[in-house]
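See structure below.
The values are calculated or read from the model by the stated rules, or taken from the named source; none is laboratory data. None of the values given here were measured: they were computed from a predicted structure. Here the Cβ positions follow ideal geometry from the backbone for every residue, glycine too, while neighbour counts run over all protein chains shown.
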Amino acid sequence: MDLRQLRYFVALATQQNFNRAAEVLHIAQPALSRQIKLLEDELDVVLFERHPRGATPTQEAIQLLDRANFLLRYAEQLKFDMQSLHSAPKGPVALGLSPGLASILVGRLFERISRDFADIHLKIEEGFAPALHDQLIHGVVDLAILNGSAYLANIESTPLLSESLCAIARHSDPRLGDLPIDIEDLANIPLILTGIPKAGVRLELEPAAARAGVRLNPVIEVETIAVARTLVERGAGWTVHFAAAVRNEIDAGILRATPIKGLNLQRSLGHSIGRPQSRAATTVAGLILELIRDMVTNGDWANASLLPQVPENGSQTC
């Protein structure tokens, strides 16, 4: 098996047609077929089900695809690192973020990279904690900001910050003031739940409500704070999230965000222990640490405090 065969395999798995894949690769179709057959023989598996319409990846191919993509990306990054040993870092960096964090960080991070490290190509993968953890393990992303304080298997994480989760309502809603509230105050309030169960905000909110004997009243469940924000503005109810995600609406007097006592979310920056970081990824990690430190220190990240940045090796999954 060599990198050329893996490139041919990825092209065919993507195109699912020998002729189209050969065109993408700029090679003859018989040459592609021969290399795929050699790869199948070496691995002792069938990678594609051939049929008149093309080639459908088998389960074995689907399992190989993630690993092949990582190896090809890592080989490309290795070339960049060797070429830039005595110059600025360059190459692609995939960063995993929750949708709420992406809306806060991506613009500022892109500005810093564009200004100081123009040869770094940033790719953002949005998702929630369980998916981001899997993407780190499988090499889909190089770095990810993860939610929660639990240690993660095979992930080295650097603590970033802890922030209060807030009840977020229309500014004119008389039921929500400026002082922190108890979780009992959420009883009978129509709630717009964000994210997915047992992850992120809901991993903190729902168990805390259960411990307090509070029966939440979710009227709708959505994935992102962007959708929840729109519903709150329309008067559909409150949501629970972190205030920084609705900073513009708070400043404009449209929404109000009030901390919920005892309800906090911790965040860490993680990378896979088993996958060496490129110079570009290490640089982006440093920029993220600086950016978050500056935002919290300057008051641009509401209700947040910095955590000691001591890398921790995890042994427990989310």
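With respect to the conditions (1) in a strand (DSSP E or B); (2) exposed (fewer than 15 other Cβ atoms within 10 Å of the Cβ), Ser268 falls short on a single one, namely (2).
Scan the range 233-250 and tell me whether some residue there is of a type in the set (S, T, N, Q), within 16 Å of Ala302 (Cβ to Cβ), under 22 Å from the mean Cα position of the chain (by Cα) and outside the structural domain of Ser103 (by TED's automatic domain parsing). Within the range 233-250, one or more residues are of a type in the set (S, T, N, Q), within 16 Å of Ala302 (Cβ to Cβ), under 22 Å from the mean Cα position of the chain (by Cα) and outside the structural domain of Ser103 (by TED's automatic domain parsing). Glu49 falls short of the stated requirement of being modelled with pLDDT under 85 and not assigned by TED's automatic domain parsing to the domain that holds His138.
Criterion applied to Ala257, Ala280 was being in the same structural domain as Ala244 (by TED's automatic domain parsing) and small (Gly, Ala, Ser), and the one residue passing it is Ala257.
Looking at Asp182, Asp173, which is the one that is surrounded by 15 or more Cβ atoms within 10 Å (Cβ to Cβ) and among the acidic types (Asp, Glu)?
Asp173
Looking at the range 102-131, which of its residues are hydrophobic (A, V, I, L, M, F, W, C) and touching a helix residue (DSSP H, G or I) at 6+ places or on another chain (Cβ under 8 Å)? Result: Ile104, Leu105, Leu109, Ile113, Phe117, Ile120, Leu122, Ile124, Phe128, Ala129. The combined condition, being under 27 Å from the mean Cα position of the chain (by Cα), polar (S, T, N, Q) and under 18 Å from Asn303 (Cα atoms), is not fulfilled by Ser157. Within the range 204-224, if we keep just the residues that are touching a residue at least 60 places away in the same chain (Cβ under 8 Å) and closer than 12 Å to Val240 by Cα, the residue that is surrounded by the most Cβ atoms within 10 Å (Cβ to Cβ) turns out to be Glu204.
Output the residue which, of all residues in the range 113-148 that are acidic (Asp, Glu) and closer than 17 Å to Leu65 by Cβ, is modelled with the highest pLDDT. Steps first, answer last, please.
First pass over the range 113-148, keeping only residues acidic (Asp, Glu): 116, 119, 125-126, 134, 142.
Keeping just the survivors that are closer than 17 Å to Leu65 by Cβ gives 125, 134.
Details: Glu125: 93, Asp134: 86.
The qualifying residue modelled with the highest pLDDT is Glu125.
Every residue, every condition in (1) within 29 Å of Ile137 (Cβ to Cβ); (2) of a type outside the set (A, V, I, L, M, F, W, C), yes or no:
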| site | (1), (2) |
| --- | --- |
| Leu12 | yes, no |
| His26 | no, yes |
| Asp44 | yes, yes |
| Pro57 | yes, yes |
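Scanning the range 271-318 for residues that are assigned to a strand (DSSP E or B), in contact with a helix residue (DSSP H, G or I) (Cβ under 8 Å, 6 or more places away or on another chain) and either among the β-branched types (Val, Ile, Thr) or at pLDDT below 90 (or both) yields one hit, Ser272.
One residue alone among Ala68, Ala55, Ala22 is surrounded by 18 or more Cβ atoms within 10 Å (Cβ to Cβ), of a type outside the set (Asp, Glu) and under 31 Å from the mean Cα position of the chain (by Cα), and that residue is Ala68.
A search for C-beta distances below 6 Å between a residue of the range 276-291 that is within 20 Å of His138 (Cβ to Cβ) and any residue that is in a loop (DSSP other than H, G, I, E, B), counting only pairs 6+ apart in sequence or on different chains, returns Ala280/Pro89; Ala281/Asp142. Might you check whether a residue that is buried (at least 17 other Cβ atoms within 10 Å of the Cβ), hydrophobic (A, V, I, L, M, F, W, C), more than 22 Å from Gly235 (Cβ to Cβ) and in contact (Cβ under 8 Å) with a residue 12 or more places away in the chain occurs anywhere in the range 156-166? Taking every residue of the range 156-166 in turn, at least one turns out to be buried (at least 17 other Cβ atoms within 10 Å of the Cβ), hydrophobic (A, V, I, L, M, F, W, C), more than 22 Å from Gly235 (Cβ to Cβ) and in contact (Cβ under 8 Å) with a residue 12 or more places away in the chain. Test Asp44 against the stated conditions and say whether it is in contact (Cβ under 8 Å) with a residue 60 or more places away in the chain, farther than 20 Å from Glu125 by Cβ and either of a type in the set (D, E, K, R) or in the same structural domain as His271 (by TED's automatic domain parsing) (or both). So Asp44 fails the test. Looking for whichever is of a type in the set (Gly, Ala, Ser), modelled with pLDDT of 85 or more and not assigned by TED's automatic domain parsing to the domain that holds Val106 here; the options are Ala13, Ala94, Ala75. Which one fits? Unique residue meeting the criteria: Ala13.
One residue stands out in the range 71-100 among those that are buried (at least 16 other Cβ atoms within 10 Å of the Cβ) and without any contact (Cβ under 8 Å) to a residue 60 or more places away in the chain: the one that is nearest to Thr283 (Cα to Cα), namely Ala94.
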